[in-house]
1. From the P(r) of region 117-161, could you give the percentage of C-alpha pairs in the tail past 16 Å?
2. Would you calculate, for the chain, the mean residue ellipticity at 222 nm contributed by helices, counting each DSSP H stretch of 4 or more residues as -39,500 (n - 2.57) and dividing by all residues, to the nearest 500?
3. Determine, for each peptide in 39-50, 141-152, the mean count of other beta carbons within 10 angstrom over its residues, then list the peptides with the highest first.
4. Quickly work out the Leu207-to-Ala167 label distance, labels modelled 7 Å from Cα along the C-beta direction, and quote it in nm with one decimal.
5. Calculate, in nm to one decimal, what Ile323 and Val62 gain on full extension: separation in residues at 0.36 nm each, minus their alpha carbon distance.
6. If you bin every alpha carbon distance in the chain into 20 Å steps from zero, what whole percent lands in each bin?
7. Pulled fully out, how much extra length does the chain show between Val28 and Val309, if you take 0.36 nm times their separation in residues and subtract their Cα-Cα distance?
8. Going by average Cβ neighbours within 10 Å, how do the peptides 262-269, 109-116 rank, with the highest at the top?
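The values are calculated or read from the model by the stated rules, or taken from the named source; none is laboratory data. Remember, predicted model here, so these are calculated numbers, not experimental data. Neighbour counts are summed over all protein chains in view; Cβ atoms, including those assigned to glycine, are modelled from backbone coordinates with ideal geometry. The area values use the complete protein model at the heavy-atom level, side chains included, leaving out ligands, DNA and RNA. Shrake-Rupley method; radii C 1.70, N 1.55, O 1.52, S 1.80 Å.
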Amino acid sequence: MRSVSAGVLPPTIGRSGHRRGLVLAGLVLFLLALCAASITVGARSVAWADIVAALSGQVETVGQAAVALRVPRTLLAVIAGAALGLAGAVMQGVTRNPLADPGILGINTGAALAVVMGVAWFGMASTGAFVWAATVGAALTAIFVYAVGSMGRGGATPLKLTLAGAATSIALASLVIALVLPRNDIAGGIRAWQIGGVGGASFERILPVLPFILVGLLLCALSAKRLNSLALGDELAAGLGERVAIARATAAFGAVLLCGAATAACGPIGFVGLVVPHLCRLLVGVDHRWLLPYSVVGGGCLLVLADIVGRVAARPAEIDVGIITALVGAPFFIWIVRRQKVREL
């Protein structure tokens, strides 16, 4: 019996569209419940009266102000988590690599380096400028990693892509440190941003990234059937009439837009794009027409939940979501590597 991985399409016996729709609806309800919890729970305890007043637009007390700040924070967590979860699923489909993730492949770090260069050299300060810089950095890094991983015999194998991405990520992270160290005027803000978090979110910070998120979502959604074809192999996909290069480039560009926008708004947050698609495959299988919407909702759930945990685990202080996702994602990455190694034996 064939094993299930990011690049293999097994039969989906017993997984009817009705069941998948019900599970997706349940996942959406769970996300809504997490959003409600995110607004009501935090480092500061607030009364229900303050929650109701703040949601109705009244901000007069400290508690009401705290609730008002949690609304854009929750929205940003949903948007960034959805973007990273979808980007991870698409990257795993494009590369047929179960270890693909915007962080592991170095794409988030490339986006972060571009933003840091813009701040250090050109004095960028707006989220809109950050998004453009992050998108360019993410795209150039993705092209470089894929080119390096494709060298030699066998082309772009999962192992070579992972190694190329890890090496590139380390190198780019070193460049970020080299740029930040001499600049005491920006060092504090950049270091806090590099951890990855949704604290201090505002609607003014969210609005500039929405066009990039929406275009990325559209490109990835249109690529669902094509990703199913690519999962069968390039030769078979071409035999089915698919333009392999165009299909791969379109899907990859959508994922790059999502990574760039999420990194610009929140900083480089790792492992969401690795953990979410694998968990979603357990629920829905490997059909990208279902896997992609599941990854969108699942990514939002994971990042909102991570933000809630970070706020309540160290009261009255907070732990950024980038730290929480790393604590969850690192053991998950090790488990996936060991699982893939066993399959290859």
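1. 51
2. -25000 deg cm²/dmol
3. Averaged packing, sorted descending, gives the order 141-152, 39-50.
4. Modelled inter-label distance: 4.5 nm.
5. 91.2 nm
6. All Cα pairs considered, the percentages come to 31, 57, 12, 0.
7. 99.2 nm
8. Going from most to least packed, we get 262-269, 109-116.
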